[in-house]
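The values are calculated or read from the model by the stated rules, or taken from the named source; none is laboratory data. The structure displayed is predicted, hence computed values, not measured ones. When we count neighbours, we look across all protein chains shown, and the Cβ atoms used for this are built from the backbone with ideal geometry, even at glycine. Calculation scope for accessible area: heavy atoms of the full protein, side chains included, ligands and nucleic acids excluded. Shrake-Rupley method; radii C 1.70, N 1.55, O 1.52, S 1.80 Å.
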Amino acid sequence: MTPAEYDAWYATPRGRWIGETEFRLLAAMTGLLPGESLLDVGCGTGWFTRRFAASNGWNVTGLDMDGASLAFARAHGRNERYLEGDARSLPFEDQSFDRVISVTALCFVDDWPQALGEMLRVARRKVVVGLLNRHSLLWLEKGRGRGTASYRGAHWHTRDEIRTALKDLPSTRPSLRSAVFLPGGSYLARAWELVLPNRLPWGGFLLLALEKLPS
């Protein structure tokens, strides 16, 4: 799948609904304030990066290892900054950004706890990470070898392994939420999404928020 094809999926009815559903929860949990800086780790084509930059003109930086995706992001961006780098060794000083996010990118990083630790290192206030949920209907549909190229090779996380990884990380206040409970994007799926609370753990999009505590 080319960067253009991947980004174009968000313009389809199902892709637009999933993307906007994920973005609303991501934005709510990130809690970005006016004047703050944001780093998007594993930004890919910059779809979520652009959404944050367009929402309130925040200072937003996207980082990714893939040169083709970054070229696409730069060509379609406006006020964002895009850099090449590895999530497992972020090229920034400690506490360089107010808040740091990553949207399903860590599902494709072999040492994702290391990447999560790096995100905490460069964040001043909060880290929010979107993951693919092993305990979801989306996994039943896409995660068992029947999925599209965008899911191929992805690691689907469980809450238990997330809790295990957090034991070795700096002091934080964690919270978990989920979204996209019925991934088909039908009228029923959209209706249930408005009714089901994000505290339920079965959505395909699992969101981990880590609020840094004073050291």
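Things to note:
- Per-region count, the range 70-81, residues without any contact (Cβ under 8 Å) to a residue 60 or more places away in the chain, surrounded by 13 or more Cβ atoms within 10 Å (Cβ to Cβ) and farther than 20 Å from Val128 by Cβ: 3
- Test: residue in the range 127-150 that is in contact with a His (Cβ under 7 Å, 6 or more places away or on another chain) and over 25 Å from Gly44 (Cα atoms): no
- Number of residues in the range 173-200 that are on the phi < 0 side of the Ramachandran plot and open to solvent by less than 30 Å² (accessible area, probe 1.4 Å) equals 6.
- Residues that are in contact with a Ser or Thr (Cβ under 6 Å, 6 or more places away or on another chain) and among the hydrophobic types (A, V, I, L, M, F, W, C) number at least 2 in the following strands (runs of 3 or more DSSP E) confined to the range 98-215: 123-132, 205-212.
- Checking Gly44, Gly67 one by one, the residue that is over 18 Å from Val122 (Cβ atoms) and surrounded by fewer than 20 Cβ atoms within 10 Å (Cβ to Cβ) is Gly67 and no other.
- Test: residue in the range 157-170 that is buried (at least 17 other Cβ atoms within 10 Å of the Cβ) and either among the small types (Gly, Ala, Ser) or under 23 Å from Met1 (Cβ atoms) (or both): yes
- Yes/no for Asp110 being open to solvent by 40 Å² or more (accessible area, probe 1.4 Å) and without any contact (Cβ under 8 Å) to a residue 12 or more places away in the chain: yes
- Residues that are out of contact with any Gly (no Cβ under 9 Å at 6 or more places or on another chain), modelled with pLDDT of 95 or more and of a type in the set (D, E, K, R), drawn from the range 167-198: Arg190
- From the list Phe72, Phe97, Phe92, the lone residue that is within 22 Å of Gly153 (Cβ to Cβ) and among the aromatic types (Phe, Trp, Tyr) is Phe72.
- Residue selected from the range 119-156 under the condition among the basic types (Lys, Arg) and modelled with pLDDT under 90, by the criterion least open to solvent (accessible area, probe 1.4 Å): Lys142
Residues are listed down the side, and each one gets a yes or a no for (1) open to solvent by 40 Å² or more (accessible area, probe 1.4 Å); (2) assigned to a loop (DSSP other than H, G, I, E, B); (3) touching a helix residue (DSSP H, G or I) at 6+ places or on another chain (Cβ under 6 Å):
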{"site": "Thr49", "(1), (2), (3)": "no, no, no"}
{"site": "Val60", "(1), (2), (3)": "no, no, yes"}
{"site": "Leu83", "(1), (2), (3)": "yes, no, no"}
{"site": "Glu93", "(1), (2), (3)": "yes, yes, no"}
